[in-house]
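Below is one structure; the comments refer to it alone.
The values are calculated or read from the model by the stated rules, or taken from the named source; none is laboratory data. Keep in mind the model is a prediction, meaning the values are calculated, not measured. With ideal geometry, Cβ positions are generated from the backbone for all residues, glycine too; neighbour counts draw on all protein chains shown. Remember, those area values only see protein heavy atoms, side chains included, never the ligands or the DNA or RNA. Shrake-Rupley method; radii C 1.70, N 1.55, O 1.52, S 1.80 Å.
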Amino acid sequence: MGSHHGFKDEHGDKHEQYDLINEGYVRALDIPESWLDRENNVIQRRVMESLVPFYQEAKIREGIGALKYPIYHLDFETFPCPLPRFKGEKPYSQSLSLFQYSIHVEHEPGVCDKDEDNYSYIATEHIDLRKDLVEHMLSVIKPDGGSIMVYNQSFEKTRLLEMAKIYPEYQERLIDMTDRLFDLMHLLKGNKSLYESLGYSEEEAKIMNFYHNDLNGSFSIKKVLPVFSDLSYKEMEIANGTEALVAYARFPQMDEDTFKNTYRDLLEYCKQDTWAMVKILMELRKI
């Protein structure tokens, strides 16, 4: 992790990624342990050698303690169209091309049903339905102060802020949502801002809370999910964001049966993303 920053040897000489490859260091464990001056790399190496997962139980517990209920687990899907389609868009703009969301409402710790507590929206036509999407979303996410759980929050935050500019009548509600965002990744990878606010020093705050050898240096939700559950995207008809936006792009060319099947597959894909957050949080509580 962080290998793009390079590694310094005992003499203070820095070895960049291509230097390492040319010098024969092609695996993570080839890099001498004495070159690892970042604590997260030391932790990663120990996990790789021992195959024993690393946990910081106290930090995970305190991070979870900062959550407010109900928790709204939220995920967006966007369509980065090469040519602007609607008001305010730029070429390849995805932030202004929201076409789908999924929300799972967790009423109390662990109290969330996969189906009954799920709310979804898909723009079924290639017309500007963004306002309709925003209104439906705000009917689900109440202004009651509950946390809004996302994974890698910069994506959802940017979408919400840009929707707030386009629809000033909903600006206050949408900005309130950005203030309530909580990034599930921070409970795993750590986050300087969050953990300093909880009383940790800068160095403690930067150290990751969890690492498992199966992550292979990545904290993407598709890497994290199999570590904490038996859920998988492998057998799904739509299994990633690219397939989702391609399916949406093809809506106008579909016959009725194909549209119904694709619509259902899109619902299941986005629903899996928010249910995955519910499941990961449940397992973190057990830790």
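Among the listed residues Lys8, Lys68, identify the single one that is farther than 23 Å from Leu198 by Cβ and either touching an Asp or Glu at 6+ places or on another chain (Cβ under 7 Å) or modelled with pLDDT of 95 or more (or both). Criteria check complete, one pass: Lys8. Considering the stretch 211-235, and only residues there that are hydrophobic (A, V, I, L, M, F, W, C) and touching a Lys or Arg at 6+ places or on another chain (Cβ under 8 Å), the residue that is farthest from Lys59 (Cα to Cα) turns out to be Leu231. Every condition in (1) under 30 Å from Leu266 (Cβ atoms); (2) open to solvent by less than 70 Å² (accessible area, probe 1.4 Å); (3) free of Cβ contacts under 8 Å to residues at least 24 places away in the same chain is met by Leu83 except one, and the failing one is (2). A single entry from Glu62, Glu23 fulfils the requirement of being touching a residue at least 24 places away in the same chain (Cβ under 8 Å) and open to solvent by 70 Å² or more (accessible area, probe 1.4 Å): Glu62.
Pairing residues of the stretch 257-284 that are within 30 Å of Lys59 (Cα to Cα) with residues that are open to solvent by 20 Å² or more (accessible area, probe 1.4 Å) and among the acidic types (Asp, Glu), at Cβ distances under 8 Å and at least 6 apart in sequence or on separate chains, gives Cys270/Asp75; Asp273/Asp75; Thr274/Asp75; Met277/Asp75.
Looking only at residues of the stretch 7-20 that are under 31 Å from the mean Cα position of the chain (by Cα) and surrounded by fewer than 15 Cβ atoms within 10 Å (Cβ to Cβ), we find that the one that is farthest from Glu202 (Cα to Cα) is Tyr18.
Please indicate, with yes or no, whether at least one residue in the stretch 33-42 is assigned to a loop (DSSP other than H, G, I, E, B), more than 24 Å from Asn209 (Cα to Cα) and open to solvent by less than 50 Å² (accessible area, probe 1.4 Å). Looking through the stretch 33-42, none of the residues is assigned to a loop (DSSP other than H, G, I, E, B), more than 24 Å from Asn209 (Cα to Cα) and open to solvent by less than 50 Å² (accessible area, probe 1.4 Å). Whether a residue is in contact with a Pro (Cβ under 6 Å, 6 or more places away or on another chain) and either buried (at least 16 other Cβ atoms within 10 Å of the Cβ) or among the aliphatic types (A, V, I, L, M) (or both) was assessed, and His186 does not pass this test.
In the condition set (1) of a type in the set (A, V, I, L, M); (2) assigned to a helix (DSSP H, G or I); (3) touching a Pro at 6+ places or on another chain (Cβ under 8 Å); (4) open to solvent by 60 Å² or more (accessible area, probe 1.4 Å), Val47 is compliant with all but (4).
Considering the stretch 228-287, the residues that are closer than 30 Å to Tyr55 by Cβ and β-branched (Val, Ile, Thr) include one that is surrounded by the most Cβ atoms within 10 Å (Cβ to Cβ), namely Thr274. So the check is Cβ under 6 Å with 6+ separation or different chains; which pairs have a first residue in the stretch 212-230 that's farther than 15 Å from Leu187 by Cβ and a second one that's open to solvent by 40 Å² or more (accessible area, probe 1.4 Å) and in a loop (DSSP other than H, G, I, E, B)? As it stands, the answer is Asn213/Leu51; Gly217/Met1, since those pairs meet every condition given.
Looking at the stretch 126-149 only, could you name the residues that are part of a loop (DSSP other than H, G, I, E, B) and either open to solvent by 60 Å² or more (accessible area, probe 1.4 Å) or at pLDDT below 95 (or both)? Within the stretch 126-149, His126, Ile127, Asp128, Leu129, Lys142, Pro143, Asp144, Gly145 meet the criteria. Within the stretch 46-59, is even one residue at pLDDT below 95 and more than 24 Å from the chain's Cα centre (by Cα)? Checked against the condition, which is being at pLDDT below 95 and more than 24 Å from the chain's Cα centre (by Cα), the stretch 46-59 yields no hits at all.
The single condition from (1) more than 21 Å from Met149 (Cα to Cα); (2) modelled with pLDDT of 95 or more that Leu184 fails is (1). If you go through the stretch 150-196 and keep only what is assigned to a strand (DSSP E or B) and touching an Asp or Glu at 6+ places or on another chain (Cβ under 8 Å), you end up with Val150, Leu181.
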